[in-house]
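Undergrad: Structure incoming, see below.
Computed from the coordinates by the stated procedures, all read-outs in this text should not be read as laboratory data. In this text, all values refer to a predicted model and were calculated from it rather than measured experimentally. Cβ coordinates were reconstructed from backbone atoms using ideal geometry, including for glycine residues, and neighbour counts include every protein chain displayed.
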Amino acid sequence: MHPDIHLALHHARAAELRDETEPRSTPRPDIRRRLGWTLIEVGLKLATRPGPMPAH
């Protein structure tokens, strides 16, 4: 295959793949915010949970 044809096909396929993924790849900001706060809440619960006392 001629290199120019191969490059043109590569660019066309890359553009198709970008068009397919862009709308689904970006989550809505409100979902990101809720997930972030949920992770912070879980982390704080794990950090403040009383554990076994260390033996001295």
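Undergrad: Tell me the label-point distance for the pair THR38, HIS2, using the 7 Å Cα-to-Cβ offset, in nm and rounded to one decimal.
TA: The two pseudo-label positions are separated by 5.4 nm.
Undergrad: Separation between the ILE31 and GLU16 pseudo-spin-labels, each 7 Å from Cα along Cα→Cβ, expressed in nm?
TA: Simple spin-label model gives 2.6 nm for this pair.
Undergrad: Compute the signed sum of charges (Lys and Arg +1, Asp and Glu -1) over the other residues within less than 14 Å, Cβ to Cβ, of ILE40.
TA: On the way: positive: ARG32, ARG33, ARG34, LYS45; negative: GLU41.
Result for the local shell: +3.
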